[in-house]
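Notes for the one structure printed next.
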Amino acid sequence: MIALMPFKFPHRRAVIRFAFCGFLAWISTVFSTFAGYKARPYVPLPIESYASRLTSEGLTVAVVPMFTDALAAKTFDKKDIVSSGIMPVAIVISNNNGFAVDVSGDSIELLVKGDHIRPVRPEQAIMRIFQHTLPTQEVRVPSPVPFPRIAIYRSNADALDDFNYKHLGVKRTEPNSVTAGFVYMPVKGFANLSEALEDAQIYIPDLYRADTRQPMMFLEIDLKPAVITGPKK
């Protein structure tokens, strides 16, 4: 005969400890799954390293169109920005003058196929990029114990802060210094964006001496050099 060992139920304290550890693991999974937007720094390269640039009146301005989702995701923590209809364009300004220069980002235009496209404000860009993200939604995360569905609030406030911080706006570049900022171009509807940009320009009309408010020469910078040297996917 085989002797059977008597079954012992786990101690109540051990059961509670196991359940609590499972709950903590579940909560950790929830918050890691729905982690918020994280700002990524943008540090401009030496001005001569940019393919699309123009020099006039002691000022060199480079433009960097982030025309693919992969390019945009290197600077902004979202994987489908361009697919959502927004193309971030970095404007890098190197001022070799003895006076400061101001530039207005809101008047910059994307000239493509006869159209003059103005940038949208950061809050408008965020609305377009996150248009398919619900502010709240019920989710079920796999867990060792049957916890119910929970409502997760997904805020885009951190993304808006980042887009505002990187926005060019009205930017002043001090003498012998470099500044950078972004404009957010609406590009929904292009069948082949990179192909369209090969025949496009960035038009910068509002450049001023900060001391006298005297306007400087407008700039029109071809995007083709930046597009043909950048990735297409």
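The values are calculated or read from the model by the stated rules, or taken from the named source; none is laboratory data. Note that the structure is a prediction, hence the values are computed from the model and not measured. Because the Cβ atoms are built from the backbone with ideal geometry, glycine has one as well, and the counts that use them run over all protein chains shown.
Of note:
- Residue count, region 213-227 (criterion: surrounded by fewer than 18 Cβ atoms within 10 Å (Cβ to Cβ) and either in contact with a strand residue (DSSP E or B) (Cβ under 8 Å, 6 or more places away or on another chain) or in contact (Cβ under 8 Å) with a residue 60 or more places away in the chain (or both)): 7
- Among the residues making up region 177-191, those that are at pLDDT 95 or above and surrounded by fewer than 19 Cβ atoms within 10 Å (Cβ to Cβ) are 177, 178, 179, 186.
- Screening region 31-114 for strands (runs of 3 or more DSSP E) wholly inside it with 2 or more residues that are closer than 23 Å to residue 160 by Cβ and under 22 Å from the mean Cα position of the chain (by Cα) returns the ranges 59-65, 86-95, 101-104.
- Of residues in region 164-179 being of a type outside the set (Ser, Thr, Tyr) and part of a strand (DSSP E or B), the one farthest from residue 46 (Cα to Cα): 170
- All conditions in (1) surrounded by 13 or more Cβ atoms within 10 Å (Cβ to Cβ); (2) among the hydrophobic types (A, V, I, L, M, F, W, C); (3) modelled with pLDDT under 85 hold for residue 39, with the sole exception of (3).
- Scanning region 194-214 for residues that are within 28 Å of residue 228 (Cα to Cα) and more than 24 Å from the chain's Cα centre (by Cα) turns up 199, 205, 206, 207.
- Residue match in region 64-75 (condition: farther than 27 Å from residue 129 by Cα, β-branched (Val, Ile, Thr) and surrounded by 23 or more Cβ atoms within 10 Å (Cβ to Cβ)): no
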